[in-house]
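Participant: Please see the structure below; I have some questions.
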Amino acid sequence: MAQFAEPMTRLIEELRKLPGIGTKSAQRLAFHVLRSSAEDADKLSAAIRELKQHLRLCSICNNITDVDPCVYCTSTSRDQRLICVVEEPTNIATVEKTRSYSGVYHVLHGTLSPIGGVGPEQLRIANLLVRLPEVDEVILATSPTTEGEATAGYLAGEIHRARPEVRVTRIATGVPAGSDIEYADEVTMTRAMEGRREF
C-alpha cells in the first residue's frame, strides 16, 4: 500500500474491514472523508457511534432495533401466530416489499455451514423454539443455497420434534436456486411467499 500519513493509513485500514471494500475503494472513501467538511465528518462519526450505542437485537425475533421488543413483535396489526424465519435482518426488507406478508419474523443471523464452522449453536434458534406454543405456522424463508436448504431442513426437524402440530412451510422456488433472497424483486418474492409448501 502507498505511504500515507498515519491517520489516513489507519482510516484506510478500518475501511478495508467493511464487506466488499478493497484497498482502492478504502482509499477513495478515506480521501472523500478528508475532502469533506469537518461538520460532515463529525456527522459520519456520530452516526456510527449512535448505531453502536442505540441499536440492539430484539429479545423476541433477533431483528436489529432501537426499541425492545421491535416494531414487528409489538404490532397489533400483524399476525403473531405466523412467523417467517430469515437468515439476516436485511431479508426482512425483501419480504416486506411484497406487501403481502402480515406475520412476524425470526432472524437467525446466518446459516448452517460446517465448512465455515457454523453449527446450530451459533445461530439464534433457541428463542424460535420458545415461541412455538403461540404459533400456527412457521415459514422457512432461507435462501435456496446449499447452506440455506440445510438450515431449513434442520429447523423443520427441530420444529416438528418440539411442536408436531405447527405447520412448517418453505418458500417456493420463485427465488432462483443458489441465489440470495436479499436480491429478489417484489414479484419474485411475492410468488415465492404465495407458493410456499409444507416442509
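The values are calculated or read from the model by the stated rules, or taken from the named source; none is laboratory data. Everything numeric in this text was worked out from a predicted model, so none of it was measured. Neighbour counts are summed over all protein chains in view; Cβ atoms, including those assigned to glycine, are modelled from backbone coordinates with ideal geometry. Ligands, DNA and RNA are excluded from the accessible area calculation, which covers all protein heavy atoms including side chains. Shrake-Rupley method; radii C 1.70, N 1.55, O 1.52, S 1.80 Å.
Participant: Taking all protein chains in place and a 1.4 Å probe, what share, in percent, of the accessible surface of the chain do carbon and sulfur account for? Don't skip to the answer; put the middle values down first.
Facilitator: Details: 6220 of 11300 Å².
Its accessible area is 55 percent carbon and sulfur atoms.
Participant: Still on this structure, please answer the following. Show the residues, 5+ positions off or on another chain, whose built amide H is closer than 5 Å to the amide H of residue 60.
Facilitator: So residue 60 has HN proximity to 70.
Participant: In what sequence, largest accessible area first, do 183, 154, 101, 72 appear using a 1.4 Å probe? Write down the numbers at each step before the final one.
Facilitator: On the way: 183 175, 154 75, 101 25, 72 50 Å².
Of 183, 154, 101, 72, the descending order of accessible area is 183, 154, 72, 101.
Participant: Using Cα atoms only, what is the angle between the long axis of helix 146-162 and the major principal axis of the chain, expressed in degrees (0 to 90) to the nearest 10?
Facilitator: 40 degrees
Participant: With just the Cα atoms defining each centre, how far is segment 135-169 from segment 77-95? Give it in Å.
Facilitator: 14 Å
Participant: Give me, ordered by chain and number, the residues 5 or more places off residue 84 or on other chains with an amide H under 5 Å from its own placed amide H.
Facilitator: Distant-sequence amide H within range of residue 84: 104, 105, 106, 139.
Participant: Taking amide H positions as placed 1.01 Å from N in the peptide plane, with prolines and chain starts having none, which residues 5 or more places from residue 118, or on another chain, fall under 5 Å of its amide H?
Facilitator: The list, which skips near neighbours in sequence, is 113.
Participant: Separate question: Could you give each residue of segment 24-39 its phi-based ³J(HN,Hα) in whole Hz, using Karplus coefficients 6.51, -1.76, 1.60 with θ = phi - 60°, and x for Gly or Pro?
Facilitator: 4, 5, 4, 5, 4, 5, 4, 5, 5, 4, 4, 6, 5, 6, 4, 5
Participant: Taking θ as phi - 60°, what are the ³J(HN,Hα) couplings along segment 125-132 by the Karplus curve (6.51, -1.76, 1.60), each to the nearest whole Hz, with x for Gly and Pro?
Facilitator: 9, 3, 6, 6, 5, 5, 7, 4
Participant: Still on this structure, please answer the following. What is the Rg over Rh value, at two decimals, for segment 1-113, using alpha-carbon atoms and the Kirkwood definition of Rh?
Facilitator: Details: Rg = 19.1 Å, Rh = 17.0 Å.
Rounded to two decimals, Rg over Rh is 1.12.
Participant: Could you sort 64-70, 79-85 so that the peptide with the highest average Cβ count within 10 Å comes first and the rest follow in order?
Facilitator: Details: 64-70: 16.0, 79-85: 19.3.
My ranking of the peptides, most packed first, is 79-85, 64-70.
Participant: Mind checking the dipole of the chain: about its Cα centre, +1 per Lys or Arg Cβ, -1 per Asp or Glu Cβ, Debye to the nearest 20? Walk me through the numbers before you get to the answer.
Facilitator: Working: 23 positive and 27 negative charges, 30 e Å.
So the dipole magnitude of the chain works out to roughly 140 debye.
Participant: Accessible surface of residue 131 in the full protein assembly, 1.4 angstrom probe, to the nearest 10 Å²?
Facilitator: 30 Å²
Participant: Still on this structure: Take every Cα pair under 8 Å in the chain that's 6+ residues apart, average their separations, divide by the length, and report that relative contact order as a whole percent.
Facilitator: Working: 281 pairs, mean separation 31.2, N = 199.
Relative contact order comes out at 16 percent.
Participant: Assign unit charges at the C-beta atoms only (+1 for Lys and Arg, -1 for Asp and Glu), then state the dipole size of segment 4-107 relative to its Cα centre in Debye, rounded to the nearest 20. All intermediate terms of the calculation are to be shown ahead of the outcome.
Facilitator: Working: 14 positive and 13 negative charges, 49 e Å.
It comes to approximately 240 debye.
Participant: So what are the chain's ellipsoid semi-axes, whole angstrom, largest first, if each one is the square root of 5 times an eigenvalue of the alpha-carbon gyration tensor? Please report the intermediate quantities before stating the final value.
Facilitator: On the way: eigenvalues 275, 74, 55 Å².
The answer is 37, 19, 17 Å, longest axis first.
Participant: Can you give the accessible area of residue 130, probe radius 1.4 Å, in Å² rounded to 10?
Facilitator: 110 Å²
Participant: With a probe of 1.4 Å, find how much accessible area the chain has per residue, and write the answer as a whole number in Å².
Facilitator: Values: 11300 Å² over 199 residues.
Solvent-accessible surface per residue comes out at 57 Å².
Participant: Moving on. I'd like to know how segment 83-199 sits against the 2.2 N^0.38 Å rule of thumb: what's its Cα Rg over that expected value?
Facilitator: Values: Rg = 13.1 Å, N = 117, 2.2 N^0.38 = 13.4 Å.
The value comes to 0.97.
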